[in-house]
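Report on the structure given below.
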Amino acid sequence: MNTASPMTALKGIGEKTAALFHRVGVDTVGELLSYYPRTYDIYEKPVTFANLEMDRVQAVAGFVHRAPDTKKMNRLTVTTLTLEEFGAYLHLSWYNMPFLRGSLLPGGTYIFRGRVQKKKGRLVMEQPEIYTPGDYEKIQGTMQPVYALTAGLSNKTVTKAVHQVLEEPSLAPEYLPEHIRVEQELAEYNFAIHSIHFPISRDALLPARKRLVFDEFFLFILALRQMKEQTEGEKNECPIRAGEWTEHLLQSLPYALTGAQQRVWQEIQSDLSGETVMNRLVQGDVGSGKTVVAVLALLAAAENGYQGALMAPTEVLARQHAQSVAQLLENCGLEEKVETVLLTGSMTAKEKREAYARIESGEAKLVIGTHALIQEKVQFHRLGLVVTDEQHRFGVRQRETLADKGQHPHVLVMSATPIPRTLAIIVYGDLDVSVIDEMPVGRLPIKNCVVDESWRPNAYRFLEKEAAAGRQAYVICPMVEENPELEIENVVDYTKKLQENLNPSITIEYLHGKMKPAQKNEIMERFAAGEIQILVSTTVIEVGVNVPNATVMMVENAERFGLAQLHQLRGRVGRGKYQSYCIFISGTDNKDTRKRLEILNKSNDGFYIASEDLKLRGPGDLFGVRQSGLLEFKIGDIFTDARILQEASEEAAKLKRQDPDLELPEHQALKKRLLKYRDEGLRRMSL
Ligand code: ADP
Ligand code: MG
């Protein structure tokens, strides 16, 4: 067995389980090693009811007086049990587990472990785990890994597989040169890998995590530098000069570009016509108007006889881009000259074939689609420019795949991730950075409020009022941790509840991640067309969606989201001329949570929010809600781990000065690891 072995090389893992691992992105033994726990369960000593803390996972010992009740609610079976201790009550409930009635026997004492909450003045624990006192004693005091899962894949299965791999120490050999480990005071790799999965204590976890975060940043930076060396000074084989077409577009816009948009457009133009090929990142907060800048560049490419591709991370976004591009082209009378092809997963095989043919022949000037589709299957006739929206890593790596196909187009990456300049220089080390740091004029600042659940009826009246005025709203439902099925129930039930509570003339529909792309598209299109007034959704709408008529973003259980994520959600409103509102409903009166949410209340500036959040949480909060989800690091977080990022960057620079091509004997293991890192990245990208 080696790190490249398939999962089926492990005992007890057959094709079926391997397919489940594949769904969470683990195909090889090596990938399993770096499938780090999402968090850890600490099995603390059971506490008395009087000592329970809200919103924390805790264990209690409970005596079962009588068998649990089971009743049907909507499509759920709910099993409930009430515990009593010195006159205090704790209400337990489980969903779709009617068999519990038979296993929680009256007269028995059990340990129940779960998150304690106060609901309608009662202490409740939903979906608690159940142990016999003897079983609990065995795990009490330990930290157990909690992995991200998918339906059918249990935490136990992952845990067992990891255990099996860790028994083979040769699989996690040290590859960092001794001098770097000493200089940075980094733990040994084998220890780090063991401890991140099965820490013997919190004290062992910290150095393990630090080591792995360092590795992740270090490899990333080295790979970026290599890529930069390869592309730097690469000749511009697709010289593009903006001409009449872009002028037509600018004149037909119902607005004038902001100063920042103009400046960035200038920067792009000089790249496109310059000596060397463009590698540029356009960074701009949500709603700053990145799309039109990208379309200008694509149009310039088309006018110069090149094809352009616009890639989006999701099908919904790709469709939306296709629609806004079609509108822009129509406004300036170029819809016939610039033939556009949309390429998405829900198209039929026949439609796809036709699209591919038109792209290959060069008939299609502009290709809009999801990353994977464009990247993998398409042969371009004469590709001159690739724009990727909202997903940085793709931008970094796609150069290599495109180069493999003999193409050397300009690359433009668009991102809304708010990160400070000093970090941007490291993380986007291979790119030139342009910043759109100005919002379109006439935007009214979004009005925010953070409220508790008792305010919900007012929020509902407010939704009605906005709908009556012709506006639209998003309502984000709470996520249900680790239970996709419950999450759907939740969205469906919540929608029903809204329909019952609001004026029946208001059309309310829902959207969730498990819906088929075609279904999602239909809902999104009807929402964009104004046929749906209120869209209830999970966070699937988080990135990029643009419906300027939507003026309310209401988020239930706002405390469960990261601030950066809430900021992204908020970015879905305030995109048009109407006053927009954000209502963050907090399901807890926990003081720290309120304080965190208040940051959103104070500012609409993504960068400020991220840095304030960091200050408040402090670097000790290692496994809190991650901030920079868009950057796709597995364990490192560019905000909380900014210092490690900085050190990794300096160390990489030093190494490159000392041994530019990693030829010294002490750097061979690292060189090998780096090659593997780049391979893995490429493979992941084409999934
Ligand atoms: P993002 O940067 O988040 O991708 P979009 O490009 O989707 O933002 O733009 C958001 C909205 O702002 C769109 O409806 C777009 O038409 C509009 N917009 C873009 N630039 C301007 C401008 N200079 N003035 C007014 N509205 C603009
Ligand atoms: Mg956008």
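Some notes on this structure:
- FRET E, pair MET54, LYS350, Förster distance 41 Å, beta-carbon r, rounded to 0.05: 0.15
- Shape index of region 447-603: Rg/Rh, with Rg the Cα radius of gyration and Rh the Kirkwood radius from the inverse mean 1/r over Cα pairs, equals 0.93.
- Region 195-271: trypsin sites (Lys or Arg not before Pro) falling in loop per DSSP and having at most 13 other Cβ within 10 Å: ARG241
- Put simply, the Cα atoms of region 275-335 extend 35, 30, 20 Å along their principal axes, the longest span coming first.
- Alpha carbon centroid spacing (whole Å) that separates region 4-27 from region 104-158: 27
- Charging the Cβ of each Asp and Glu at -1 and of each Lys and Arg at +1, and nothing else, the dipole of region 44-140 about its Cα centre rounds to 460 debye.
- Cα gyration tensor, region 196-276 - rounded (a/c under 1.5), prolate or oblate: oblate
- Positive-pole candidate from ILE200, PRO37, MET524, dipole of the chain, charges at beta carbon: MET524
- Surface accessible to a 1.4 Å probe, MET439 within the full protein complex, Å²: 80
- Rounded to the nearest 20, the size of the Cβ-charge dipole of region 447-603 about its Cα centre is 720 debye, with Lys and Arg at +1 and Asp and Glu at -1.
- Percentage relative contact order, the chain, counting C-alpha pairs under 8 Å, at least six apart: 13
- Dipole moment magnitude, nearest 20 debye, the chain about Cα centre, only Lys, Arg, Asp, Glu C-beta charged: 1560
- The residues neighbouring GLU330, those whose beta-carbon lies less than 14 Å from its own, together hold a net charge of -2 under the Lys/Arg +1, Asp/Glu -1 convention.
- Residues of region 659-680 with amide N under 17 Å of a point placed 7 Å along Cα→Cβ from LYS228: 659-662
- Annotation: amide H-H contacts under 5 Å for LEU281 (H modelled 1.01 Å from N, sequence separation of 5 or more, or interchain): VAL413, ASP432, VAL433, SER434.
- Largest first, the residues CYS582, CYS332 sort by 1.4 Å accessible area into CYS332, CYS582.
- Rounded to whole Hz, the Karplus (6.51, -1.76, 1.60) HN-Hα couplings of region 111-124, x for glycine and proline: 9, 10, 10, x, 7, 8, 9, 10, 10, 6, x, 10, 7, 10
- Solvent exposure of ARG461, expressed as accessible area, is near 120 Å², computed with a probe of 1.4 Å over the protein chains only.
- Residues with amide H under 5 Å from that of ARG382, placed H, sequence gap 5 or more: GLN307
- When the Cα positions of ALA669, ALA459, SER537 are compared along the charge dipole of the chain, ALA459 comes out farthest toward the positive end, with charges on each C-beta of Lys, Arg, Asp and Glu.
- Cα gyration tensor category, rounded, prolate or oblate, for region 44-140 with a/c compared to 1.5: oblate
- Among beta bridges identified by DSSP and lying wholly in the chain, the antiparallel ones come to about 40 percent.
- Over 22 Å between alpha carbons, listed pairs LYS210/LYS654; LYS118/LYS514; LYS337/LYS377: LYS118/LYS514; LYS337/LYS377
- Region 230-352: C-alpha gyration tensor shape, a/c 1.5 cut-off, then a/b vs b/c: rounded
- Antiparallel %, DSSP beta bridges [both residues in region 232-436], to 5: 5
- If you take all other residues with their beta carbon under 10 Å from the beta carbon of PHE607, and give Lys and Arg +1 and Asp and Glu -1, the sum is -3.
- Using a simple spin-label model with pseudo-atoms 7 Å out from Cα toward Cβ, ASN458 and ARG382 lie 6.2 nm apart.
- D_trans [Stokes-Einstein, Kirkwood Rh over alpha-carbon pairs] for the chain, 4 °C, 1.567 mPa s, µm² s⁻¹: 47
- FRET efficiency for the pair ARG643 and GLU663, taken as 1/(1 + (r/R0)^6) with r the Cβ-Cβ distance and R0 = 22 Å, rounds to 0.15.
- Here's how it looks for SER5: its modeled amide H is under 5 Å from those of VAL29, GLY30, which are all 5 or more places away or on a different chain.
- Accessible area per residue in Å² at 1.4 Å probe, computed on the chain: 45
- Subtracting the Cα-Cα distance of ASN96 and LYS156 from 0.36 nm times their residue separation leaves 19.6 nm of extension gain.
- Unit charges at the beta carbon, dipole of the chain: most positive-side option, LEU83, ALA642, PHE214: LEU83
- In region 96-132, chymotrypsin sites (Phe, Trp or Tyr not before Pro) in a DSSP loop with at most 13 other beta-carbon atoms within 10 Å: PHE99
The values are calculated or read from the model by the stated rules, or taken from the named source; none is laboratory data. Small disclaimer: the values here were computed from a predicted structure and weren't measured. Here the Cβ is made from the backbone with ideal geometry for all residues, glycine too, and neighbour counts use every protein chain on show. The area values use the complete protein model at the heavy-atom level, side chains included, leaving out ligands, DNA and RNA. Shrake-Rupley method; radii C 1.70, N 1.55, O 1.52, S 1.80 Å.
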